[in-house]
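One structure is given here, and the rest of the page talks about it.
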Amino acid sequence: MLRLDDLDPSMSGNKVFKLLPNIHEVQVSGKCGIVTFGGPYSNHIHATAAAGQIFQIPTVGMVRVDPPLLDNPTLSDAKAWGMQVIPVNRSNYRRRNDADFISELSSQFPDYLVIPEGGSNALAEQGCRQLGEYVADLPYEEIFLACGTGTTAAGLAAGIAKHQRVNAVAVLKQFKNQQAQLLNQNIRCWTNFHQGGYAVLSSELATFIKRFEDVNSLQLDPVYTAKMALAVTHLVAAAKIDPDQCLLIHTGGLQGRRGMQTQLEALWRNNPPCT
C-alpha cells in the first residue's frame, strides 16, 4: 500500500497533488485567494483550509451543511486555519457547477480562483500525473485506488508506465459520467463495491475495517480507501487479480472518519469480526 496518508497531516493524501498546482496558479496569476465547495466532512474543504494557512492564501468554503454541524471537527479545523466557511442549503449547493452561480461567486469574491468540489479541475489532474510518474517506477502492474470524481485516477493514468493499469473503485452509486470518461482513458472501473452509496457504512464494511486494522495496525478511511481495500479482497478471492501485482493507494481522508467513528463502534459492537 502506498501511504499518501503519511504526507502532511493536515493536507494529506491525494489532496496534496490536487491542490499544489492550484496554489501555484494563485501565486503566479496574482489572484487573491481560493473559493471552493464541499460537504460538512469534506476532505477537500479540510485540505484547502490547511493549504491556505500553510501558503498564507485566503480561502472560502461554500459548505453544504445544516447549522448543527457547523462546529464539527472538520469545519472547526477549517475555521481555525482561517477559512471563511459559508453554509449553503441543498438547493443552492446543487447550483455549484452552474455558470450563473460561478459568475455570482466571482462577483462576490473578485480575483479568487474558483475550484470545483473535490478539487477536480485540469490543474489537479496535472498534479496527479506526477503521482503516476512516481508509481511508474514501482514493480506493480495493477494500481488500485478509490474513485469519487475520477480526477486522481485520470491523472494517475497519464503518468504510469505502459505495462501498468489503473483500477478505479467507485465509491458513488451514480458513477456513469465518471465511468464513461475513465473508460476512454483505459482505466478499469469497478462499480459494485460502493456498499450502498457515498459515505454509506455497511456492516460488512465496518467489520472489514476492524479486521484489517487489527491485522495491519493501519487506519482506513470508511468513505474511500476502506471500500477500495475491501474490493481488492473480493477480487483476489474471486481470482480476478493477482495480489502480488497489486499496489493499493491510500488516498488519505482519515480526518473525515471523526464523523463516522460513533457509527463504526456501534457496528463493531453489534457485528464483532470473526477471528
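The values are calculated or read from the model by the stated rules, or taken from the named source; none is laboratory data. No experiment lies behind these values; they were computed from the predicted model shown. Here the Cβ is made from the backbone with ideal geometry for all residues, glycine too, and neighbour counts use every protein chain on show.
Tabulated results
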item	result
Residue check, Gln126 outside the structural domain of His46 (by TED's automatic domain parsing) and modelled with pLDDT of 95 or more	yes
When residues of segment 148-166 are limited to those that are more than 18 Å from the chain's Cα centre (by Cα) and among the small types (Gly, Ala, Ser), the one nearest to Leu131 (Cα to Cα)	Gly159
Any hit, segment 245-264, residues being surrounded by fewer than 18 Cβ atoms within 10 Å (Cβ to Cβ) and of a type in the set (Ser, Thr, Tyr)	yes
